[in-house]
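Report on one structure; see the data block that follows.
The values are calculated or read from the model by the stated rules, or taken from the named source; none is laboratory data. In this text the structure is predicted, and so the values were computed from the model without any measurement. Cβ coordinates were reconstructed from backbone atoms using ideal geometry, including for glycine residues, and neighbour counts include every protein chain displayed.
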C-alpha cells in the first residue's frame, strides 16, 4: 500500500505541472502576438521622421543663426587682428601673433568648454540689471574665436601677397600707410580672401553641432531628443542622422557655388 500511494502522487503532480505549462505557453503566445500586433501598427522610421521634421528644422535654424553671428564676430575681430600683425609697432605685432597662434592651434571643443565655464550665466548691465546669457550665445562666441584667428592669418597673408610695388606706388601718390591700406592694398586682398573666408564659414557651420554636447538645442540635439521621444529604436538612427546631414549639405553646397561666382565677379572688377 505504501509503495502504491507513493506511485500515484507523482503522477498527479506531473499532470498538474503539465496543465500549468500549457497555460503558461498559451499566455506567452498571446503576449507575443499582442506585441507583434503593436509593433506592426506602430509608425515606421520614415513616418516618424516626417512627424519630427519641424522640430529638427527648428534646431537647424539655430545652427544657421549661430554660424552667421559667429562669422560676423570672427570677421570683424579677425580683420583687426590681422592688421595688428602688420603693425609697425612691435609689441602690437607680438600680441596679435600670440593671440592668433593660441586660438588657431587650440581644439575647438576645448575652447567651447573654456568659454562655457568662464563666461557667467548672467551679466549685470547698468540700468538694466541682471541679463541672462543663453548657452547658444556663449557657444557662438566660442566658435568665433578659432575662426577669428584663421581670418587674421588670411588677412595677413593676403596683404603679404601684394607686390611691394603697390606700396611704393601709393607712397608716390603721397598716401599715408593707412590710406595705402584702405584704397590700394585691401581692395586687392578681397579677391584673395574670399575663397578661404567662405571655406572657414563652411567649416564653422559644420562645427556648430558640437554645441549639442553642452545641451544647446540645435539640429543634432533635437534629432536625438526626437528619437528618444519616439522610442529610441535602432532603426531611427540612420534616417534621422541622414536627414540632418542632408540639411547641412543642402545649405553649404550652394555657398560653394556662390563663392565661385563671387570670385569671377571680383576678378572682373579688380
- Picking from 25, 48, the residue that is under 30 Å from residue 224 (Cβ atoms) and at pLDDT below 95 would be 48
- Of the listed residues (171, 263, 235), the one being without any contact (Cβ under 8 Å) to a residue 40 or more places away in the chain and surrounded by fewer than 17 Cβ atoms within 10 Å (Cβ to Cβ) is 171
- Message: Condition check: part of a helix (DSSP H, G or I), modelled with pLDDT under 90, touching a helix residue (DSSP H, G or I) at 6+ places or on another chain (Cβ under 9 Å) and in the same structural domain as residue 207 (by TED's automatic domain parsing). Does residue 148 satisfy that?
- Response: no
- Looking at segment 202-211, is at least one residue in a helix (DSSP H, G or I), surrounded by fewer than 21 Cβ atoms within 10 Å (Cβ to Cβ), out of contact with any helix residue (DSSP H, G or I) (no Cβ under 7 Å at 6 or more places or on another chain) and modelled with pLDDT of 90 or more? yes
